[in-house]
Amino acid sequence: MKNLKYWAVLMTIGLFFNACLDDEPTTQVTYQYVPIDSISIKEINPVKSVTEIKTYFTKSNDCELFFDYDYQISGNERTVSIITSLLRNENCIDAPQAAVNTLQFVPTSSGTYTFRFWAGIDENQQAQFIIKEIEIP
């Protein structure tokens, strides 16, 4: 019985130290806002139907990926920004690359909607926007 307790304590200590080892490589990810270069809308659909809005932006390297939209609603105004994820500790090729992603807009009522797409910061540190109004039938 004494021998069994000894081995149980020894195994518990061994598991404790083994669980703390940091021997697996980890990829660091950072998230950032990226300016929208331009947008395009081919077709405007009626209420409760999807209107696709293509957003074009520039990635800084091939390790930068589209992550999500920051989509803020205030009445019939929408403010849209692109968030990308940037993988660190990877072999990345630093070369600007054009990219596109599609925002799916489903209006709940008819009327005029104003979209403000974040296009970056100017030399006076003021936010710049591409403003597009669309009329939903």
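Taking a ≥ b ≥ c as the square roots of the eigenvalues of the alpha carbon gyration tensor, segment 78-127 is oblate, as a/c is not under 1.5 and a/b does not beat b/c. Using a cut-off of 12 Å between beta-carbons, work out the net charge of the residues near Lys59 (Lys and Arg +1, Asp and Glu -1, Lys59 not included). Result for the neighbourhood of Lys59: -4.
Amide H to amide H distances under 5 Å link Asp62 with Ile93, Ala95, where only residues 5 or more positions off or on other chains count and H is placed in the peptide plane. Karplus-based coupling profile of segment 113-124, in residue order and whole Hz: 10, 10, 9, 10, 9, 5, 10, x, 10, 8, 5, 9, with θ = phi - 60° in 6.51 cos²θ - 1.76 cosθ + 1.60 and x standing for Gly or Pro.
Please state the charge dipole magnitude for segment 26-136, taken about the Cα centre, from unit charges on C-beta atoms (+1 on K and R, -1 on D and E), reported in debye and rounded to the nearest 20. If you can, show how the numbers build up before the last one.
Values: 8 positive and 14 negative charges, 61 e Å.
Dipole size: approximately 300 debye.
How much of the calculated P(r) for segment 26-136 lies past 23 Å, in percent of all Cα pairs? Spell out each step's value before the answer.
Values: 2129 of 6105 pairs.
Beyond 23 Å sits 35 percent of the P(r) for segment 26-136.
In order along segment 54-61, the Karplus-derived 3J(HN,Hα) couplings, from 6.51 cos²θ - 1.76 cosθ + 1.60 at θ = phi - 60°, round to 7, 10, 10, 8, 10, 8, 7, 7 Hz, and Gly and Pro are given as x. Among Cys63, Cys92, a tally of other beta-carbon atoms within 10 Å of each Cβ gives an order, fewest to most, of Cys92, Cys63.
In segment 26-136, with Lys and Arg counted as +1 and Asp and Glu as -1 at Cβ, which of these residues, Ser109, Ala98, Thr84, has the Cα nearest the positive end of the dipole, that is, farthest along it? Positive-end residue among those listed: Ser109.
Just want to confirm a number: the relative contact order over segment 69-137, from Cα pairs under 8 angstrom separated by 6+ residues, in percent. Mind showing how you got there, number by number?
On the way: 86 pairs, mean separation 20.7, N = 69.
Result for segment 69-137 is 30 percent.
Once label points are set 7 Å from the Cα along Cα→Cβ at both Ala127 and Thr26, what is their separation, rounded to one decimal in nm? Modelled inter-label distance: 3.2 nm.
At a 10 Å Cβ-Cβ cut-off, how would you order Asp68, Asp122, Asp37, fewest neighbours first? The partial results should precede the final answer.
Details: Asp68 12, Asp122 9, Asp37 17.
Least crowded to most crowded, the residues run Asp122, Asp68, Asp37.
Computed over neighbours whose Cβ is under 11 Å from that of Lys42, the net charge equals -1, Lys and Arg +1, Asp and Glu -1. Using θ = phi - 60° in the Karplus curve 6.51 cos²θ - 1.76 cosθ + 1.60, the 3J(HN,Hα) couplings for segment 66-81 round to 4, 10, 5, 9, 8, 10, 10, 10, 9, x, 9, 9, 10, 10, 10, 10 Hz; x is entered for Gly and Pro.
Could you please rank Tyr31, Tyr56, placing first whichever residue has the fewest other Cβ atoms within 10 Å of its Cβ?
On the way: Tyr31 10, Tyr56 15.
In increasing order of surrounding Cβ atoms, one gets Tyr31, Tyr56.
A DSSP coil position with no more than 15 other Cβ atoms inside 10 Å describes the following trypsin sites (Lys or Arg not before Pro) in segment 28-137: Lys42, Lys48, Arg88.
Rule-based calculations on the coordinates, nothing more; no lab input. Keep in mind it's a predicted model, so treat the numbers as computed, not measured. Every residue, glycine as well, gets a Cβ built from its backbone with ideal geometry; the counts of neighbours run over all protein chains shown.
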